1. Return yes or no: is Trp401 closer than 16 Å to Leu266 by Cα and either in a strand (DSSP E or B) or in contact with a helix residue (DSSP H, G or I) (Cβ under 9 Å, 6 or more places away or on another chain) (or both)?
2. In region 302-335, what residues are within 18 Å of the chain's Cα centre (by Cα), surrounded by fewer than 21 Cβ atoms within 10 Å (Cβ to Cβ) and under 17 Å from Tyr140 (Cβ atoms)?
3. Could you tell me which residue of region 323-333 is farthest from Pro54 (Cα to Cα), considering only residues that are within 15 Å of the ligand (Cβ to nearest atom) and modelled with pLDDT under 95?
4. What pairs come out if I take residues in region 329-354 that are over 15 Å from Leu300 (Cα atoms) and pair them with residues that are open to solvent by 30 Å² or more (accessible area, probe 1.4 Å) and part of a helix (DSSP H, G or I) whose C-beta lies under 7 Å away, six or more apart or interchain?
5. Could you count how many residues in region 242-269 are open to solvent by 10 Å² or more (accessible area, probe 1.4 Å), farther than 22 Å from Pro376 by Cα and among the hydrophobic types (A, V, I, L, M, F, W, C)?
6. Just wondering, is there one or more residues in region 64-84 that are at pLDDT 95 or above, under 22 Å from Ser309 (Cβ atoms), within 16 Å of the ligand (Cβ to nearest atom) and of a type in the set (A, V, I, L, M)?
7. Tell me which residues, restricted to region 111-140, are surrounded by 20 or more Cβ atoms within 10 Å (Cβ to Cβ), among the hydrophobic types (A, V, I, L, M, F, W, C) and part of a helix (DSSP H, G or I).
8. Grab the helices (runs of 4 or more DSSP H) fully contained in region 1-103, keeping just those with 3 or more residues being open to solvent by 20 Å² or more (accessible area, probe 1.4 Å) and free of Cβ contacts under 8 Å to residues at least 12 places away in the same chain.
Amino acid sequence: MRVVVLGAGIIGVSTAWHLLQRGHEVTLVDRQRDAALETSFGNAAQISVSYCEPWANREAPLKALKWLFDPEGPLKFRPQMDPAQWAWGLQFLAQCNDAAFERNVAQLVALGSYSHAALKDVVASTGLRYDRLTKGIAHYYTSQRSFDDAGGAAELMRRHGVNRKVVTKDELLQIEPALRAFGDRIVGGTYTESDESGDCLSFTQQLARLCRDKGMQSLMEHDILQLQASGGQISAVTVRDRATGLTRTLQADAYVVAAGSYTTALMKQVGVRVPIYPGKGYSATLPLLKPEAASQVSLLDDQLKIAISRLGDRLRVAGTIELGGFDLSLDTPLAQTRARMLVKRIEEVFPGVADTRTPEQGGDPQFWTGLRPATPTNIPLIGRTKVGKLWINAGHGTLGWTHGAGSGKALAELISGEVPAMDFGFTGFERAARGAGGLQLSRA
Ligand SMILES: Cc1cc2nc3c(=O)[nH]c(=O)nc-3n(C[C@H](O)[C@H](O)[C@H](O)COP(=O)(O)OP(=O)(O)OC[C@H]3O[C@@H](n4cnc5c(N)ncnc54)[C@H](O)[C@@H]3O)c2cc1C
């Protein structure tokens with residue numbers, strides 16, 4: 001089969017890889033000069049099967065209200081004159097209850113486990129190296145009240161087959177001794193040994209190169225302009241070479257949209273509505289001054305809702321969510337506050353371990369923002385659409401790196417007429433074949 005994959009982030013590249021593995025002819029299109037230069041570039045690096053709770057829960061609406069006027073609040077809703085934002089917000093509110101939360105967690109764990117196995121297979125078969133650390137993820141708490149609730153969340157995960165353990169402060173400091181300097185503030189934690197971390201950018205770019213070695217046609221620096229439909233199916237896609245300005249049409253047996261937050265606009269061209277809205281996040285990558293004293297376990301800071309991962313001789317800290325359109329700026333007062341908050345926290349938790357100086361002080365923190373392709377449920381849309389030959393692999397929100405390998409494999413399997421071995425709802429158009437529930441694309 002000839003398949004055109006639109007978007008070369010972790011999701012598109014992983015899809016391309018698994019299609020090639022199944023003998024398909026693949027063309028990959030992206031506007032950037034290489035793979036993973038948008039949201040897959042600077043994420044928190046966590047392969048987080050166990051820490052996958054969706055944003056939408058019983059307490060989320062109240063918390064979001066509280067954080068509305070707090071520039072350092074982890075989740076920030078910035079109201080826009082955009083019906084898509086309000087529609088997304090309403091669908092999100094509909095998920096803020098215990099039943100939906102539990103249902104969504106089950107889907108996310110199923111995909112996470114499937115994806116972790118797929119990632120390990122890819123690594124074993126390719127030998128890719130990407131600053132991978134298989135030391136687990138630990139979540140540390142500085143508030144006794146929040147720590148008291150951690151047991152319930154760990155129990156929920158264990159019900160879904162994920163071994164998240166509640167650990168005392170002393171146990172946590174043994175698991176990750178680098179936290180000792182901050183030990184006075186910590187009241188306890190949770191830990192999942194089976195989680196891991198690694199550089200999504202490096203992994204994706206290397207995998208894209210391997211795809212090209214296997215014969216994939218790669219159209220980098222090409223804008224995807226128009227999906228064309230006739231007779232209820234896609235007939236072609238028009239792309240434009242950014243260097244020459246020349247347009248061309250690509251024809252295939254299947255078209256996969258894996259364009260992250262921009263999937264919504266592309267799908268709309270052919271009448272498919274998807275509930276994907278951008279959730280801006282920030283990261284800072286800092287050179288290590290004392291590598292021997294730096295953490296190796298990937299971490300979650302409960303108070304600030306940020307994640308910290310060691311990437312070789314760098315430390316990456318990332319987090320915060322702003323729902324306010326496609327703005328990627330780093331130079332507004334709000335963006336500066338949020339970016340610097342990340343670095344400030346690193347100095348508090350690991351004093352003197354990383355170079356946390358500002359550029360004005362001679363430091364070189366690499367600040368970055370990216371747009372998480374967020375769905376109201378946090379569950380990505382993987383599978384067929386109502387338009388013939390048109391498939392989607394998008395909406396991976398906070399967990400696209402975690403779910404990348406498995407999402408790519410699952411979609412490649414579906415396109416090949418196989419049934420992915422996991423209990424996952426896909427887009428709803430596979431439901432008859434799968435007999436599973438899940439978010440239905442047609443409802444969005
Ligand atoms: C701060 C932050 C921290 C995160 N931390 C983690 C983490 O620790 N673990 C985890 O699992 N996930 C994490 N994520 C989420 C993860 O990074 C994303 O879910 C993932 O990168 C999404 O991948 P994607 O391929 O769908 O999108 P992208 O990487 O954005 O890829 C989409 C591609 O489509 C291309 N494209 C779009 N429109 C067009 C067009 N019109 N023409 C041509 N090309 C187009 C873009 O150039 C882009 O390359 C984090 C995200 C952020 C922002």
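The values are calculated or read from the model by the stated rules, or taken from the named source; none is laboratory data. Here the structure is a predicted model, which means the values were calculated and not measured. Glycine also receives a Cβ, built like all others from the backbone with ideal geometry; neighbour counts cover every protein chain displayed. Each accessible area value is taken on the protein alone, full model and side chains, heavy atoms only, with ligands, DNA and RNA left out. Shrake-Rupley method; radii C 1.70, N 1.55, O 1.52, S 1.80 Å.
1. Answer is no for this residue.
2. Lys305
3. The selected residue is Gly324.
4. Filtered contacts from region 329-354: Pro351/Ala181; Val353/Ala293.
5. Summing the residues that are open to solvent by 10 Å² or more (accessible area, probe 1.4 Å), farther than 22 Å from Pro376 by Cα and among the hydrophobic types (A, V, I, L, M, F, W, C) in region 242-269 gives 3.
6. No, region 64-84 contains no residue that is at pLDDT 95 or above, under 22 Å from Ser309 (Cβ atoms), within 16 Å of the ligand (Cβ to nearest atom) and of a type in the set (A, V, I, L, M).
7. Once the filter is applied, which keeps residues that are surrounded by 20 or more Cβ atoms within 10 Å (Cβ to Cβ), among the hydrophobic types (A, V, I, L, M, F, W, C) and part of a helix (DSSP H, G or I), region 111-140 yields Leu111, Ala118, Leu119, Val122.
8. Qualifying helices (runs of 4 or more DSSP H): 60-67, 83-94.
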